[in-house]
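First the structure, in the form of structure tokens, and then the observations on it.
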Amino acid sequence: MTNVIEGYLGKRVDGKKSRLPARLDFIQSATGLFLGLFMWGHMFFVATVLISEEALNTVAGAFEGSFLLSEKQPLIVSFIVFAVFCIFVIHACLGMRKLPINFRQYQIYKAHATYMKHSDTSLWFWQAKTGFILFFFGSAHLIIMMTNPTITAEISGGRMYGNFMWPFYLILLFAVELHGGIGLYRLCVKWGWFEGKDAKETRKKLSKVKWALTAFFLALGLVTLLAYVKIGYKYASSHEQHVASVTQTIDINAQSAEDIK
Ligand code: HEM
């Protein structure tokens, strides 16, 4: 009954407001922090391919329990991806609450941002746009990894080059790095982390650190993407050569059989 009364009047019988929105905000921040830090770890993980194919295969094997089990178990990776996906979905659901839901709300936001010329307000809109892209691209990537949990440089390269998924990864990379970078910066500002004595000065410094980190992870991501495409190309052309030589052998054998006849 309390909820129904609050639903109509916006207040409870005791005059207080629900604490649920604050709790939801906290959960959104916590899931965002987890995903942001996870992405940094993830980028270093996929970048091990820059050391060597073997390095990536070894790290990926460790996720499949190679150091504990006698045989690798890709299901462990599926389970980890499922857990990340659940957190991703919770974060997206809570993020949806903040998006403008009709033209009027969008107009108010735009007028506000234009009038204030406040960089953090403009950044917020970039976070909303990239978040929207992640609804689709992030989900697709996670579902692919959940259902194809064996990770090797050859398989990943094949996806990037052979399955022509590099444009997909390029968009995902920019969306996730901008979204994550802005998100972590906003978390620091919102919860007053590293605030110190002069909040304005801290904000300026945080903004610089944010752009430096975004530039670093974008550069690392782009070089890594290129490495996967190269590996995919290498395996695709050696596969083509193999097919060509097998076809040639079959032709020669067929010719010899004809000659004998
Ligand atoms: C546990 C969950 C995850 C696993 C196991 C995983 C695994 C991988 C792997 C193996 C690749 C290399 C390409 C491929 O094989 O398809 C990759 C690339 C990538 N992933 Fe994930 N991923 C996970 C979660 C995420 C999430 C949540 C995001 C962001 C929404 C993300 C964004 C990316 C991006 C942007 C790339 C391209 C990296 C680059 O260009 O350097 N991944 N991921």
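Nothing in this text is a laboratory measurement; each read-out follows from the coordinates by a stated rule. Because the structure is predicted, anything quoted here is derived from the model rather than measured. Neighbour counts are summed over all protein chains in view; Cβ atoms, including those assigned to glycine, are modelled from backbone coordinates with ideal geometry.
Things to note:
- Of the residues Trp40, Phe67, Ser122, the one whose Cα sits farthest toward the positive end of the charge dipole of the chain, with +1 on the Cβ of Lys and Arg and -1 on the Cβ of Asp and Glu, is Ser122.
- For region 1-113, the dipole from Cβ point charges (+1 on Lys and Arg, -1 on Asp and Glu) about the Cα centre works out to 1080 debye, to the nearest 20.
- Sites Leu99 and Val13 - FRET efficiency at Förster radius 35 Å, r taken between beta-carbons, to 0.05: 0.65
- Computed over region 123-163, the quotient of the alpha carbon radius of gyration and 2.2 N^0.38 Å is 1.51.
- Binning the C-alpha pair distances of the chain at 5 Å intervals from 0 yields a P(r) profile of 1, 5, 9, 12, 14, 13, 11, 9, 7, 5, 4, 3, 2, 1, 1, 1, 1, 0, 0, 0, 0 %, listed from the shortest bin outward.
- Principal-axis tilt of helix 53-63 within the chain, Cα atoms, nearest 10 degrees: 60
- Distance histogram for region 109-261 (every C-alpha pair counted, 5 angstrom bins, percent rounded to whole numbers): 2, 8, 12, 13, 13, 11, 9, 7, 7, 5, 3, 3, 2, 2, 2, 1, 1, 0, 0, 0
- When the Cα positions of Ser18, Leu220, Phe85 are compared along the charge dipole of the chain, Ser18 comes out farthest toward the positive end, with charges on each C-beta of Lys, Arg, Asp and Glu.
- Couplings for region 246-258, taken from phi via the Karplus curve 6.51 cos²θ - 1.76 cosθ + 1.60 with θ = phi - 60°, read 5, 4, 4, 4, 4, 4, 4, 4, 5, 5, 4, 4, 4 Hz in order; Gly and Pro are left as x.
- Cut-off 12 Å between beta-carbons: net charge of the residues surrounding Ser18, Lys and Arg +1, Asp and Glu -1: +4
- Greater than 20 Å apart at Cα, pairs in Lys210/Lys230; Lys117/Lys208; Lys110/Lys205; Lys129/Lys210: Lys210/Lys230; Lys110/Lys205
- Using the Karplus relation 6.51 cos²θ - 1.76 cosθ + 1.60 with θ = phi - 60°, the per-residue 3J(HN,Hα) values for region 78-88 come to 4, 5, 4, 4, 4, 4, 5, 4, 4, 5, 4 Hz, with x marking Gly and Pro.
- Once you reduce region 75-119 and region 213-253 to the center of their Cα atoms, the two points are 36 Å from each other.
- Exposure proxy ranking, count of Cβ atoms within 10 Å, fewest first, for Val246, Val81: Val246, Val81
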